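Colleague: Okay, handing you the structure first.
The values are calculated or read from the model by the stated rules, or taken from the named source; none is laboratory data. Bear in mind that the values here come from a model prediction, so they are computed numbers and not experimental data. When we count neighbours, we look across all protein chains shown, and the Cβ atoms used for this are built from the backbone with ideal geometry, even at glycine.
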């Protein structure tokens, strides 16, 4: 994959010595990593490696016990999640976390929240500015649904969609926040092969539009196909980092996945 | 507002408008106008509660306390200090808002039963204050000498005038609530209810919204309290005790938590039950309410409005459809 236009070398995300411990358990033991802007970065590792914990630390759902997370040069660890979303990091969840009784369109409209302003009084009294903003929210949400290919189910309740579409909808909702950095937590989990291929193409399109993508994924075919760079974690520690080809041939990685024998 | 909601709105306005002309002609039920005035006042309390409980998913057992804060603020300012009631009303609302904010910021960090307990505790404290501050509130023996209301020198004296005034205010509040629901604020509230963590990660300041809607509910309750004060012109702490907070929650639940129409329906119904139809039970009232609560929770978790919707073929979940006007 080459995205010559967007591929500047300024790092969008810098992790230095990120540690996270729950009681006596160290889930992350000092992760060091740099993600340049404009790439697709995969994070892999066996179960319990700390991948999701790392996502929580970046998106603010967890506050790292030590170390720092820099987003475009600004320290963001310790900020509340909605503030981080506003700065331009969005995410999906390993276990789909849609607003199930809201429609598909409304889910994406909610994603526009941080980019819009109408407050309590403006909406309650239906000021003209609020009404045009509401129209814009709807239009923008529809374009994101078009982009991911869910326009035809816009008016269904999100909870009624099959899992594959729910996963895609989560991506559309995240995109609606206009992120510079998009974190996808196992986007292919539970998808069949065709759906995974569509997903892979979607992720590449997102990246081409200038959004840096970091994904945690177990589907190695997908990871090897679309990633520019792969970070391997093992028991909360940095194990390896490199291009898909380098990772494939890395003896330490093979050992971690297949065992010592 | 959606198209169907607009039709329902027009229909309900019409219904409420002609209601007095029908019942006043039937002497056996002519006092229903008075019951409906109370139902309107309670509806204001329950609209805020519906947004808080049904949409944002946060319970409050303190609505009676805010109702009381509005009522006593109006009572004290007008009776002791001779203020104009229309001036006392916003002061009471502002006081309720301030108190709700102070209580809400820490309390709304709690969830479920813990939040219920915290708001319940606050409600009990407020009730004790009403009881004990005898110099100001008259204590258990009540407060008298409260003036009525007048608009531009024209005194609101008859039941029918009160009826239209109160229900006019209710419909304004209802409109306000509908607008909130069909906006980014309403979507944020519902998102908090369904997946709080996801809402936060998508950029919704969840804590702030919960407090905001809690304060809004308190303000509506306080305004209702002011109207109540000037309508009844007598205040006693027992109108603002825990039992009333539970009743308000019950009103919202019976009608249907996820619907503003449900809140209205439940309020009117339970006001008739409480003020009119079940007077015979007197001391066993608590038992009756307990039974209603149990039956609704077990067999009608969506409230009575769900039955109406099914019968009239409306959508199961109207709010989940995007407003057609965009």
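Colleague: Please state which of the following conditions residue A:55 fails to meet, knowing it meets all the rest: (1) within 12 Å of chain B (Cβ to nearest Cβ); (2) surrounded by fewer than 18 Cβ atoms within 10 Å (Cβ to Cβ); (3) in contact with a strand residue (DSSP E or B) (Cβ under 7 Å, 6 or more places away or on another chain).
Modeller: Only one criterion is unmet by residue A:55, namely (2).
Colleague: Does residue B:198 fit the bill of being within 14 Å of chain A (Cβ to nearest Cβ), out of contact with any helix residue (DSSP H, G or I) (no Cβ under 6 Å at 6 or more places or on another chain), crowded, with 21+ Cβ neighbours inside 10 Å and over 27 Å from residue B:309 (Cα atoms)?
Modeller: Yes; evaluated as a whole, the condition is true for this residue.
Colleague: Quick one: in segment A:81-116, of everything that is more than 7 Å from chain B (Cβ to nearest Cβ) and surrounded by fewer than 24 Cβ atoms within 10 Å (Cβ to Cβ), which residue is farthest from residue A:64 (Cα to Cα)?
Modeller: Filtering segment A:81-116 for residues that are more than 7 Å from chain B (Cβ to nearest Cβ) and surrounded by fewer than 24 Cβ atoms within 10 Å (Cβ to Cβ), the one farthest from residue A:64 (Cα to Cα) comes out as A:115.
Colleague: Of A:124, A:119, which residue is out of contact with any strand residue (DSSP E or B) (no Cβ under 8 Å at 6 or more places or on another chain), within 8 Å of chain B (Cβ to nearest Cβ), surrounded by 22 or more Cβ atoms within 10 Å (Cβ to Cβ) and modelled with pLDDT under 95?
Modeller: Of A:124, A:119, the one residue that is out of contact with any strand residue (DSSP E or B) (no Cβ under 8 Å at 6 or more places or on another chain), within 8 Å of chain B (Cβ to nearest Cβ), surrounded by 22 or more Cβ atoms within 10 Å (Cβ to Cβ) and modelled with pLDDT under 95 is A:124.
Colleague: Conditions first: (1) at pLDDT 95 or above; (2) more than 9 Å from every other protein chain (Cβ to nearest Cβ); (3) surrounded by fewer than 22 Cβ atoms within 10 Å (Cβ to Cβ). Residue A:77 passes all but one, so which condition is the exception?
Modeller: Of everything listed in (1) at pLDDT 95 or above; (2) more than 9 Å from every other protein chain (Cβ to nearest Cβ); (3) surrounded by fewer than 22 Cβ atoms within 10 Å (Cβ to Cβ), residue A:77 misses just condition (1).
Colleague: In this structure, does residue B:191 turn out to be in contact with a strand residue (DSSP E or B) (Cβ under 8 Å, 6 or more places away or on another chain), under 30 Å from residue A:82 (Cβ atoms) and modelled with pLDDT of 95 or more?
Modeller: The answer is no for residue B:191.
Colleague: What number of residues within segment A:127-158 satisfy the criterion of being touching a residue at least 40 places away in the same chain (Cβ under 8 Å), more than 9 Å from chain B (Cβ to nearest Cβ) and over 27 Å from residue A:87 (Cα atoms)?
Modeller: 2
Colleague: Here is a further query. Is there a residue being touching a helix residue (DSSP H, G or I) at 6+ places or on another chain (Cβ under 9 Å), without any contact (Cβ under 8 Å) to a residue 40 or more places away in the chain and not in a helix (DSSP H, G or I) anywhere in segment A:219-231?
Modeller: Taking every residue of segment A:219-231 in turn, at least one turns out to be touching a helix residue (DSSP H, G or I) at 6+ places or on another chain (Cβ under 9 Å), without any contact (Cβ under 8 Å) to a residue 40 or more places away in the chain and not in a helix (DSSP H, G or I).
Colleague: Condition first: touching a strand residue (DSSP E or B) at 6+ places or on another chain (Cβ under 9 Å), closer than 19 Å to residue B:86 by Cα, touching a residue at least 12 places away in the same chain (Cβ under 8 Å) and crowded, with 17+ Cβ neighbours inside 10 Å. Can you find one or more residues in segment B:158-170 that meet it?
Modeller: Taking every residue of segment B:158-170 in turn, at least one turns out to be touching a strand residue (DSSP E or B) at 6+ places or on another chain (Cβ under 9 Å), closer than 19 Å to residue B:86 by Cα, touching a residue at least 12 places away in the same chain (Cβ under 8 Å) and crowded, with 17+ Cβ neighbours inside 10 Å.
Colleague: On to the next question. Out of B:237, B:301, B:205, report the one residue that is surrounded by fewer than 23 Cβ atoms within 10 Å (Cβ to Cβ) and over 30 Å from residue A:176 (Cα atoms).
Modeller: Answer to the check: B:301.
Colleague: Another question about this same structure. From the list A:180, A:205, pick out the single residue that is under 22 Å from residue B:197 (Cβ atoms) and at pLDDT 90 or above.
Modeller: A:180
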